[in-house]
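The values are calculated or read from the model by the stated rules, or taken from the named source; none is laboratory data. None of the values given here were measured: they were computed from a predicted structure. Ideal geometry is used to build each Cβ from the backbone, glycine not excepted, and the neighbour counts take in all protein chains shown. Each accessible area value is taken on the protein alone, full model and side chains, heavy atoms only, with ligands, DNA and RNA left out. Shrake-Rupley method; radii C 1.70, N 1.55, O 1.52, S 1.80 Å.
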Amino acid sequence: MTQNHVPVLAGELIDLLGPRPGETVVDCTFGAGGHARLLAGRIGPAGTLVGIDRDPLAEDRFAELSAEVPCQVRFIRADFVTGLQQLIGEELQADIVYLDLGMSSMQVDTWVRGFSYSYDAPLDMRMDPDQELTAAEIVNHWEERRLARLLREYGEERFAGQVARAIVRTRRRHELTSTHELVDVIKSAVPGHAPFASGHPARRTFQALRIAVNDEVAQLQEALPLAWELLRKRGRMAAISFHSLEDRTVKRFFAAKARGCICPPEFPVCVCGREPEGELLSRRAIAPTPGEVADNPRSRSAHLRGARRLRGESE
């Protein structure tokens, strides 16, 4: 079951990247195609849109979109690291590369995928249904210490130890197989006041499990330099993130590319000769307006950052 897809920070992404007719655009996380549709209309018949996604549902959506947009189109069914590596191997050069991280509405609203704590479904959470690791495997077989570390690092869960302990205690009696079973365990472990302070008590645990199942942090760290390499000079890159781990990773990557001289401040003149590879397209992360959050609550935690490539590695 799906609802109508609403792309997050769509107008802000267009303004930041400034797509022009005839440009080549790579959408690393096609999803339901909301952002891609907007950019495709701006690059026109002479432009090219490449969509990358590991979810087979995204491939179906891309097929629908390809019949409606004016530009040339191509889809790569793969995670974005593999897709970017393929494009680099083909020596493609892009004017725009962007990533809309996290889950798409299409994935959240497809109940049987088990991404949401709002619906009862199997503990799955795989973006690529062909992969082996599932949320059920993690919940039922990872040791308590490893579970707690996962919840603390990827979910920033304040009560990681208590939740991990409750999961292990419950699975000794019976295997956890559904999202609502897991939600009940989490509620039993989180103090009563906590849900009112930080939203649904299962939100952070489900986030952590999804990130681990899909290897999202490692994927992002590997993908950012690949996406940058794909850009031609003056090409633009952007990322929309939905939690602090992603946002910090993107922020540090763009900041490093925009950094010039690294000499100690006491040096009277620069001796390192380092010049910035890029420039930031906005000094701070761009957040959704209150109006967008009211219309689309899922946009609440979104942050958009971007940078422009000024030169190549050898320049």
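The table that follows gives values for the structure above.
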{"item": "Subset of segment 236-276 (residues that are at pLDDT 95 or above and among the aromatic types (Phe, Trp, Tyr))", "result": "Phe253, Phe254"}
{"item": "Those residues of segment 246-276 which are surrounded by fewer than 16 Cβ atoms within 10 Å (Cβ to Cβ), within 16 Å of Arg308 (Cα to Cα), of a type in the set (A, V, I, L, M, F, W, C) and in contact with a Lys or Arg (Cβ under 8 Å, 6 or more places away or on another chain), in sequence order", "result": "none"}
{"item": "Residue that is nearest to Ile96 (Cα to Cα), among those in segment 31-49 that are modelled with pLDDT under 95 and part of a loop (DSSP other than H, G, I, E, B)", "result": "Gly33"}
{"item": "Selection count, segment 50-65, where residues are part of a loop (DSSP other than H, G, I, E, B) and either open to solvent by 10 Å² or more (accessible area, probe 1.4 Å) or modelled with pLDDT of 95 or more (or both)", "result": "1"}
{"item": "Selected residue (criterion: nearest to Ser244 (Cα to Cα)) from residues of segment 108-151 that are among the charged types (D, E, K, R) and at pLDDT 95 or above", "result": "Arg149"}
{"item": "Single match in Leu151, Leu133 (criterion: in a loop (DSSP other than H, G, I, E, B) and among the aliphatic types (A, V, I, L, M))", "result": "Leu133"}
{"item": "Residues within segment 1-30 that are assigned to a loop (DSSP other than H, G, I, E, B) and either modelled with pLDDT under 95 or open to solvent by less than 60 Å² (accessible area, probe 1.4 Å) (or both), tallied", "result": "16"}
{"item": "Residue check for Arg232: open to solvent by 30 Å² or more (accessible area, probe 1.4 Å), in contact (Cβ under 8 Å) with a residue 60 or more places away in the chain, farther than 25 Å from Ile52 by Cβ and of a type in the set (D, E, K, R)", "result": "no"}
{"item": "Selection count, segment 134-153, where residues are in contact (Cβ under 8 Å) with a residue 12 or more places away in the chain and open to solvent by less than 60 Å² (accessible area, probe 1.4 Å)", "result": "10"}
{"item": "Qualifying residue in segment 277-291 (condition: assigned to a helix (DSSP H, G or I) and open to solvent by less than 70 Å² (accessible area, probe 1.4 Å))", "result": "yes"}
{"item": "Scope segment 200-229; condition open to solvent by 10 Å² or more (accessible area, probe 1.4 Å) and under 21 Å from Gln85 (Cβ atoms); matching residues", "result": "Asp215, Glu216, Val217, Ala218, Gln219, Gln221, Glu222, Pro225, Leu226, Glu229"}
{"item": "Every pair of residues 6+ apart whose Cβ atoms lie under 7 Å, when the first sits in segment 160-188 and is within 11 Å of Glu144 (Cβ to Cβ) and open to solvent by less than 80 Å² (accessible area, probe 1.4 Å) while the second is among the acidic types (Asp, Glu) and assigned to a helix (DSSP H, G or I)", "result": "Ala164/Glu144; Val168/Glu144"}
{"item": "Residues within segment 211-267 that are over 19 Å from the mean Cα position of the chain (by Cα) and either part of a loop (DSSP other than H, G, I, E, B) or under 13 Å from Glu279 (Cα atoms) (or both), tallied", "result": "15"}
{"item": "Those residues of segment 292-312 which are outside any loop (DSSP other than H, G, I, E, B), out of contact with any strand residue (DSSP E or B) (no Cβ under 7 Å at 6 or more places or on another chain) and within 14 Å of Ile240 (Cα to Cα), in sequence order", "result": "Arg298, Ser299"}
{"item": "Checklist (1) in a loop (DSSP other than H, G, I, E, B); (2) buried (at least 20 other Cβ atoms within 10 Å of the Cβ) applied to Glu68, failing item", "result": "(2)"}
